[in-house]
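These notes concern the structure reproduced below.
The values are calculated or read from the model by the stated rules, or taken from the named source; none is laboratory data. The structure presented is a predicted model; accordingly, all values stated were derived computationally and were not measured. Cβ: placed from backbone, ideal geometry, glycine included. Neighbour counts: every protein chain shown.
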Number of protein chains: 2
Amino acid sequence: MNFGFVTKDNMSLLTDLYELTMAQVYFKKGMNKNAIFDFYIRPAKNRSYFINAGLEQLVYYLLNIRFTEGHIQYLRSTGLFEEDFLSYLKNFRFTGNLYAVEEGEVIFPNEPVVQVEAPIIEAQIIETFVINTLQHPILVATKAMRAYSVARGTVLVDFGLRRAHGTDAGMKAARASYIGGFAGTSNVLAGKEYGIPVFGTMAHSFILAYRDEVEAFKDFTSVYPENSVLLVDTYDTIQGVYNAVKAIRELGLKHFKGIRIDSGDILTLSKKAREILDREGFNDAIIIVSGGINEYKIKQLLDAGAPVDGWGVGTELVVSADLPYLDCAYKLVEYDGRPVMKFSTKKKTLPYKKQIYRIEKNGILEKDIITVYNEEVKGGIPLLKQVIKNGELVTELPSLGQIRQKAINSFQKLPDELKSIEKTIQFLPEVSPEIVRTMEELERQYRGGR
Amino acid sequence: MNFGFVTKDNMSLLTDLYELTMAQVYFKKGMNKNAIFDFYIRPAKNRSYFINAGLEQLVYYLLNIRFTEGHIQYLRSTGLFEEDFLSYLKNFRFTGNLYAVEEGEVIFPNEPVVQVEAPIIEAQIIETFVINTLQHPILVATKAMRAYSVARGTVLVDFGLRRAHGTDAGMKAARASYIGGFAGTSNVLAGKEYGIPVFGTMAHSFILAYRDEVEAFKDFTSVYPENSVLLVDTYDTIQGVYNAVKAIRELGLKHFKGIRIDSGDILTLSKKAREILDREGFNDAIIIVSGGINEYKIKQLLDAGAPVDGWGVGTELVVSADLPYLDCAYKLVEYDGRPVMKFSTKKKTLPYKKQIYRIEKNGILEKDIITVYNEEVKGGIPLLKQVIKNGELVTELPSLGQIRQKAINSFQKLPDELKSIEKTIQFLPEVSPEIVRTMEELERQYRGGR
């Protein structure tokens, strides 16, 4: 029996086989010059912007990737690798450079959010993990920020662990949604590992285990007098609100934290619940709503005046239901000082080691420009910063709280039309004349030489 | 810096906070009688059947869940737990029973695929992990079987690791797609951990790193003469096919494994490529297609006569793109011998500890019937089998190969109309009269007592 956990000790094999077979060919042919790879997102039909996330996990991987004797044995057993290459892997380290946009920063399609510069064997072997590590956090941080952007100060909590795609997705979703403006998560391990605030209410099963809803509410509140959010929709939501009030009264309490509604017509139910709570003197009891919540429903309900104080956002957040994958890539753009590009249909890459400059005007983002890395753009803020140099960490990584603040600030600098959750604008970076010239030249060379 | 890996050592905290707060209330109130929880799927608009998967990982969890001193310390730091309950957690073991449908079996909505019977504190604490562990494997095994069902014997390989939602999803997708009829995966770690065959070709970056496509093909093939699938679409696909032929000729080889096409008009390109390969005497060179492949495209291309021998299926498989989450639940159905149910809108649960009987006729699945566990159905095959008894494994778990065969056999027994990938039929199990009567009685009691 084997769960198949991925850990620091085996993450180096969490890669596509071809990364290792290509590496062996490079190794055998003595072809290991400096390569530059870009990670970037392609345009998505329903996202105007993205929130960068996942960098800390990528850095962890690059600093710690090792091939152990057990890995080597398995690779040997495939019959695809020779001893000289396996010996090379035994001493494998990532010795290259990593340039990246900070976590939390707003990013756009086609921008080289992460740029790896290393001997090509190293830069190639890490490909699969790079994409795996960045894609899901970017999806979730972006989805979270969309909810945050319409939440008008109401509290958002990640309730998605159970519906995340496996254990790691649950962890990444908690971290990424916190970056995207959420207040916390229900995921206890994410609380422990990342220091994210943890939240929880109660389940329907708790109510069902009792013969009586009032008794269930009383028992829970007697253990958590300050911290009980009573789930009122197991049988009948409005009766549930009355039962909550009754339970609190019978316990002799003047206050309680609030109620949660997980089903039904939320607008009507939340208004009625608010009325009852206010009328009964529990003006400070909050109303939490969960159950199929997403940014569209939050906006619709708040626009309609639903008196909701907080949201448990689960499934649709953690799987990014309306965009469950990013069209993203990690592509070679320079080898041995030579700019390269791929010409296949609609999937052209931008050659060269590059920089992204952000131009702001009166505190509002005006445009991004992608240049060759040593070009200068007056007044432009360079977004790519060196994080790893020759295999060593050369910057202090920000705390999760700092990243979250960066995301909120960065979002606030967006022009209003980009902030909409309904309309999508393809806000693509400009490409510097030097890159355009090189692309034309490479295409000419290729078409000519064919 | 912290990746946040989930492992055997910390998986017990990968849970929603409320599982632990509810557990503390039960503990404080001395309420820990026998509970039955069902895990089941609710109907999905675009799936007629599902393939069960993920059970081995769930069993692993139940046998190994422990709370360590480090966990206890963190829980103490939240201020939500008292010492007597924390001491209880220190000695926590899952001591209950697990009844489950075998992995690989075809399953339908509303069926209690997994049934947990344990003191309620134990049965409650495991909730989040149960759902997290089962949902994604079922999604992917089902999506894989849909592809398998239209692949007409062509080979399917999981290429999705990079686009999976994190590390664990990449592992689960490799395992679940193999269960669903795939031949293997590109994921090396899944090959090592689960013994799944691993496959790989080459990347565009490999071609780009060379100045010349023919040279790239020659170098790769000289290292892997038996095992080179040459990627031909970096610049121009048809020219790429000619270049592959040229490379093989220049190496003096009579055979090579094949080519891969990753973009463009696959029908036209694969036909032209087949023509060229045949004309040049490479009739045994195979054509692999990848890039945005799903079951719909496989069917369409094969229907149109595309001469494709194998498919790299990535993103849409591993995120189950057209159904990125299951509406599924883990619900209390019996407590202390008393059947219970939830009445909230459209989300009724079936009370009681249950059994699922499958009725077949001439080797074809006719219907499933859900009964109370000790009812008998003549000629029905009971699907729920006891896997864990009093916290101990009591069956031998099947090998992954056996599970895969079970899935293929089980799929083949479906009536033809359920096999369609285009039309969806809601094929729901019958519910035995005893359960219906109980539901009516519970609803009457509740409405009466209100």
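The set of residues in region A:13-38 that are out of contact with any helix residue (DSSP H, G or I) (no Cβ under 6 Å at 6 or more places or on another chain), more than 7 Å from chain B (Cβ to nearest Cβ) and surrounded by 22 or more Cβ atoms within 10 Å (Cβ to Cβ) comprises A:36, A:38.
Among the residues of region B:258-277, is any out of contact with any Lys or Arg (no Cβ under 7 Å at 6 or more places or on another chain), in a helix (DSSP H, G or I), among the aliphatic types (A, V, I, L, M) and at the interface with another protein chain (Cβ under 9 Å from one of its Cβ atoms)? So far as region B:258-277 goes, no, none of its residues is out of contact with any Lys or Arg (no Cβ under 7 Å at 6 or more places or on another chain), in a helix (DSSP H, G or I), among the aliphatic types (A, V, I, L, M) and at the interface with another protein chain (Cβ under 9 Å from one of its Cβ atoms).
In this structure, is residue B:76 surrounded by fewer than 20 Cβ atoms within 10 Å (Cβ to Cβ) and in a loop (DSSP other than H, G, I, E, B)? Taking the combined requirement at face value, the residue does not satisfy it.
For residue A:323, state whether it is within 12 Å of chain B (Cβ to nearest Cβ), among the hydrophobic types (A, V, I, L, M, F, W, C) and in contact with a strand residue (DSSP E or B) (Cβ under 8 Å, 6 or more places away or on another chain). In short, no. Of the helices (runs of 4 or more DSSP H) lying entirely inside region B:103-202, those carrying at least 2 residues that are assigned by TED's automatic domain parsing to the domain that holds residue B:258 are B:127-150, B:167-179, B:188-194. Cβ-Cβ distances below 6 Å connect the following pairs, each with a first residue in region B:423-442 that is surrounded by 14 or more Cβ atoms within 10 Å (Cβ to Cβ), a second residue that is in a helix (DSSP H, G or I), and a separation of six or more residues or different chains: B:427/B:418. Considering region A:191-222, the residues that are more than 7 Å from chain B (Cβ to nearest Cβ) and among the aliphatic types (A, V, I, L, M) include one that is farthest from residue A:252 (Cα to Cα), namely A:196. The single residue among A:171, A:145 that is touching a residue at least 12 places away in the same chain (Cβ under 8 Å) and within 14 Å of chain B (Cβ to nearest Cβ) turns out to be A:171.
In region A:353-374, the residue that is nearest to the chain's Cα centre (by Cα) out of those that are surrounded by 17 or more Cβ atoms within 10 Å (Cβ to Cβ) and under 24 Å from residue A:123 (Cα atoms) is A:356.
Counting residues in region A:376-384 that are out of contact with any Phe, Trp or Tyr (no Cβ under 7 Å at 6 or more places or on another chain), farther than 30 Å from residue B:239 by Cα, surrounded by fewer than 19 Cβ atoms within 10 Å (Cβ to Cβ) and of a type in the set (D, E, K, R) gives one or more. Annotation note: of A:88, A:99, the sole residue that is at negative phi, buried (at least 24 other Cβ atoms within 10 Å of the Cβ), aromatic (Phe, Trp, Tyr) and more than 10 Å from chain B (Cβ to nearest Cβ) is A:99. Among the residues of region B:296-320, those identified as away from every other protein chain (no Cβ under 13 Å) and part of a loop (DSSP other than H, G, I, E, B) are B:304, B:305, B:306, B:307, B:308, B:309.
Count of region B:1-12 residues, restricted to those that are more than 7 Å from every other protein chain (Cβ to nearest Cβ) and touching a Gly at 6+ places or on another chain (Cβ under 9 Å), is 1.
If only residues of region A:257-301 that are in contact with a Ser or Thr (Cβ under 6 Å, 6 or more places away or on another chain) and not aliphatic (A, V, I, L, M) are counted, the one that is surrounded by the most Cβ atoms within 10 Å (Cβ to Cβ) is A:262.
All conditions in (1) within 25 Å of residue B:41 (Cβ to Cβ); (2) in contact with an Asp or Glu (Cβ under 9 Å, 6 or more places away or on another chain); (3) more than 8 Å from chain A (Cβ to nearest Cβ) hold for residue B:293, with the sole exception of (1). The residues of region B:233-257 that are part of a helix (DSSP H, G or I) and among the charged types (D, E, K, R), listed by number, are B:246, B:249, B:250. The residue of region A:68-85 that is nearest to residue A:109 (Cα to Cα), among those that are more than 11 Å from chain B (Cβ to nearest Cβ) and touching a residue at least 24 places away in the same chain (Cβ under 8 Å), is A:68.
Residue count for region A:357-381, restricted to those that are among the charged types (D, E, K, R) and touching a strand residue (DSSP E or B) at 6+ places or on another chain (Cβ under 8 Å): 6.
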